[in-house]
Amino acid sequence: MSIVYRPEINGLRAIAVCSVLFSHAKFEAFAGGFVGVDIFFVISGYLITRIVLRDYEARTFSLFDFYVKRMRRLLPALFVVLFFCFLFSYAFLPMDRLREFARTTITVVLFFSNFHFMNQGGYFDLSDAFRPLLHTWSLGIEEQFYIVFPVFLVVLMSLSRKAFVVGLALVFLGSLLLSEYLSAVEERVNYFLPFTRAWELAAGCLLATLNTVFLERIAGVWREIAATIGIVVIALSVALLTPEFAYPSFWTLIPVAGTILVLAVADERTLVGKLLSTRPLVFIGLVSYSLYLWHQPIFVYFGFVYGAENISRTGYGVLILLCVLLASLTYIFVETPVRQRRIVKSNVQLVAVCFMVCVAFVASSRLTVIHGKRELPFRPDVLTDLDNRLQRNLGLTENCGRIADSTEYCKTSSTPTIAVWGDSHARHAARSILAANPEAEIIQFSGSGCPALLDLASARRGSEWARNCLAFNRSVMNWLEKNDTVTHVVLASAFLDFKGSQKVMTGEGSMTLSDSRMIAAGLIGVVDWIRRQGMEPFLYSFTPMNGTNVGYCYYRIAQFGWQNTHCDMKYEDFLASASDQIGIFEVASADVRSLYLPDLLCSETGCEMMPEDILLYYDGHHLSHEGADYIGRKTNLYKLIKD
């Protein structure tokens, strides 16, 4: 029995992919456009279940044939996009971004990029970073679903159809409850886990198991009402479900329910079905997979060349049209010929080709990661020079963020007199001190994302991260209590995880929402504690920032002919971006000696990012090696701390 083609499903795909594209293009009306992925999940569950059930009940189902069809559908377009991404990345990107791209490529072709991104941060944090393959996390979940679901269906259907439906219902309920629980305790893990997304796919699967005769009997007026409610619910989700909502969670039931209604009743007899079946929407739906694949790297790479902050609404509109063009070409010349067996006709041949291409991607990516530590062939000299100048500034060593104890640690002397304590900004504070006095006796405590606060830690990256941060700061305090040589403690933090109202963990392990006054109080608490130990505190401020990556800007200047002033910040942009940090520092430094870096680097007209041709930052806010050296020497930081 054949499955009747439903053009309105392609129209629904178009709604989903356009929601994602316009959301990533920063159109405010599409603030919740990330729900487009949830729509895709429901559609996938629905269609795959119908296909597999049809073949199973006709006794024609084959696991090998199913997997080969998925390979024909997904891999050719993916390989084409990855190939062009690799070329651009190798030719233009900074070495650290190229190596990260190569690591990600390995996880993409091996179908677990969602786990890779889960270990790097929350989705909405990563979406503002340079991640040309970030969108493949959802592809990873779909591929994992395709691997597991047919086996799940065959095993339970061998018992009975009822067992299969009950199994789906249990997956739906268990996965939904798990996503709601993790949304409150581990948002980062929750977003990327297949186990917390399975219920969305299961919702589509359950719909596919319903008797179509039952759905056909729904009266015309009720069908029209249900379809209208479904599309309106989807539209409201796209407009109103912002990243501030815990996601996925019970909130995700809204777009999922809307999608189920549209799939169930919107056909050629309804106005919604007719609208979704219009030629433009059907066309976008047909190319939606390639369009989804192309949009993220196009947005990211053009953002690298021109600066994402410099791309206007019109600019993003042009980029979306470019994505549609590339997707159309990929659909016509790659997807369709492979799927229709006009090229790579044999299934065995297809498996062999895909295997060899995967091996090629993994091998080339692995070699890039390994040799990228030194120098890669065929890279332009200007890139190699910048790669060397803009290496990460780790201060003394990269291991200074572990739990402090009484053993040998990150220090320049067995009897340090200055302790540098804070988040990753403590690294370049340590470097600045040594630039002012190479003989300085210092010890470095730098927990990435972990400012020196009394009984407070950000939970933005998860509760486990917060507990580790609290433990790290307690270990630093224990070390300082036992030490009798340190006379000065430099506190250096950027407080980036405390912008606005953010979830924090207290010393007792409870969660609460922070504000700048609470964070300032936590910093003052550390200052007072240091004084009670008989040591002198010194505050080393955050750097000027405006949300852009200054390090990438240097690459634009070198490669694309921009002027040196291209990277400079407008002072009002800095004030708007760092208002919370400014407030925290002003309160905490009221009666503490300090160095306020914006005073050094900025004037009322702006902040110069290449003073004396020095590359100050290696990213958006961390000082480079030469930047830290410049600060240390210009302020004579060692003397400033000691005197």
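Worth pointing out:
- The residue list VAL369, VAL382, VAL334 contains one member that is open to solvent by less than 40 Å² (accessible area, probe 1.4 Å) and closer than 13 Å to MET95 by Cα, which is VAL369.
- The set of residues in region 229-241 being surrounded by 18 or more Cβ atoms within 10 Å (Cβ to Cβ), hydrophobic (A, V, I, L, M, F, W, C) and within 28 Å of the chain's Cα centre (by Cα) consists of VAL233, ILE234, VAL238, LEU241.
- Scanning region 311-326 for residues that are over 21 Å from PHE283 (Cβ atoms) and open to solvent by less than 40 Å² (accessible area, probe 1.4 Å) gives ILE311, GLY315.
- When residues of region 144-154 are limited to those that are without any contact (Cβ under 8 Å) to a residue 60 or more places away in the chain and open to solvent by less than 80 Å² (accessible area, probe 1.4 Å), the one nearest to ARG59 (Cα to Cα): PHE152
- For the residues ARG50, ARG59, ARG54, the requirement of being open to solvent by 50 Å² or more (accessible area, probe 1.4 Å), out of contact with any helix residue (DSSP H, G or I) (no Cβ under 9 Å at 6 or more places or on another chain) and in a helix (DSSP H, G or I) singles out ARG54.
- Figure legend. Inter-residue proximity from region 231-260: first residues closer than 24 Å to SER501 by Cβ and at pLDDT below 95, second residues polar (S, T, N, Q) and surrounded by fewer than 19 Cβ atoms within 10 Å (Cβ to Cβ), beta-carbon distance below 9 Å, spacing 6+ or different chains. Indicated pairs: PRO243/SER127.
- ALA226 being open to solvent by less than 40 Å² (accessible area, probe 1.4 Å), modelled with pLDDT under 95 and not charged (D, E, K, R): yes
- Selected residue (only one of ALA430, ALA494, ALA419, ALA471 is under 29 Å from the mean Cα position of the chain (by Cα), closer than 22 Å to ASN399 by Cα, buried (at least 21 other Cβ atoms within 10 Å of the Cβ) and hydrophobic (A, V, I, L, M, F, W, C)): ALA494
Residue-by-condition table, conditions (1) at pLDDT below 95; (2) over 21 Å from TRP137 (Cα atoms); (3) of a type in the set (Phe, Trp, Tyr); (4) in contact with a strand residue (DSSP E or B) (Cβ under 9 Å, 6 or more places away or on another chain):
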position: LEU291; (1), (2), (3), (4): no, no, no, no
position: ILE298; (1), (2), (3), (4): no, no, no, no
position: ILE311; (1), (2), (3), (4): yes, yes, no, no
position: LEU329; (1), (2), (3), (4): no, yes, no, no
position: PRO337; (1), (2), (3), (4): no, yes, no, no
position: VAL344; (1), (2), (3), (4): yes, yes, no, no
position: VAL359; (1), (2), (3), (4): no, no, no, no
position: LEU367; (1), (2), (3), (4): yes, yes, no, no
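- Checking each residue in region 179-222 for being under 13 Å from PHE145 (Cβ atoms), aliphatic (A, V, I, L, M) and either open to solvent by 30 Å² or more (accessible area, probe 1.4 Å) or part of a helix (DSSP H, G or I) (or both) picks out ALA198, LEU201, ALA202, ALA203.
- Residues in region 76-97 that are among the aliphatic types (A, V, I, L, M) and open to solvent by 10 Å² or more (accessible area, probe 1.4 Å): VAL80, LEU87, ALA91, MET95.
- Verdict on PHE41 being farther than 30 Å from LEU367 by Cβ, out of contact with any strand residue (DSSP E or B) (no Cβ under 6 Å at 6 or more places or on another chain) and open to solvent by less than 40 Å² (accessible area, probe 1.4 Å): yes
- Residues located in region 586-631, provided they are surrounded by fewer than 21 Cβ atoms within 10 Å (Cβ to Cβ) and of a type in the set (Val, Ile, Thr): VAL587, VAL592, THR605, ILE614
- Number of the exception - THR368 against (1) out of contact with any Leu (no Cβ under 7 Å at 6 or more places or on another chain); (2) more than 30 Å from ALA459 (Cβ to Cβ): (1)
Yes or no, residue by residue, for (1) on the phi < 0 side of the Ramachandran plot; (2) assigned to a loop (DSSP other than H, G, I, E, B); (3) at pLDDT 95 or above; (4) in contact with a strand residue (DSSP E or B) (Cβ under 7 Å, 6 or more places away or on another chain):
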residue	(1), (2), (3), (4)
SER448	yes, yes, no, no
ALA457	yes, no, no, yes
ARG461	yes, yes, no, no
ALA471	yes, no, no, no
ASN478	yes, no, no, no
VAL486	yes, yes, yes, yes
LEU491	yes, no, yes, yes
ASP497	yes, no, no, yes
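- Cross-chain or 6+ apart pairs with Cβ under 8 Å, region 44-58 first and free of Cβ contacts under 8 Å to residues at least 24 places away in the same chain, then of a type outside the set (Val, Ile, Thr) and part of a helix (DSSP H, G or I): ASP55/PHE66
- Whichever residue in region 108-134 is open to solvent by less than 10 Å² (accessible area, probe 1.4 Å) and farther than 21 Å from GLY551 by Cα and, among such residues, is farthest from the chain's Cα centre (by Cα): VAL109
- Residues of region 507-529 that turn out to be hydroxyl-bearing (Ser, Thr, Tyr) and crowded, with 17+ Cβ neighbours inside 10 Å, as a count: 2
- For region 269-310, the tally of residues that are among the aromatic types (Phe, Trp, Tyr), within 27 Å of GLY620 (Cβ to Cβ) and open to solvent by less than 50 Å² (accessible area, probe 1.4 Å) stands at 4.
- Residues in region 530-548 that are open to solvent by 10 Å² or more (accessible area, probe 1.4 Å), touching a strand residue (DSSP E or B) at 6+ places or on another chain (Cβ under 9 Å) and assigned to a helix (DSSP H, G or I): 1 in all.
The values are calculated or read from the model by the stated rules, or taken from the named source; none is laboratory data. Model, not experiment: these values are computed from the prediction. Cβ: placed from backbone, ideal geometry, glycine included. Neighbour counts: every protein chain shown. Surface areas here come from the heavy atoms of the whole protein model, side chains and all, with no ligands, DNA or RNA. Shrake-Rupley method; radii C 1.70, N 1.55, O 1.52, S 1.80 Å.
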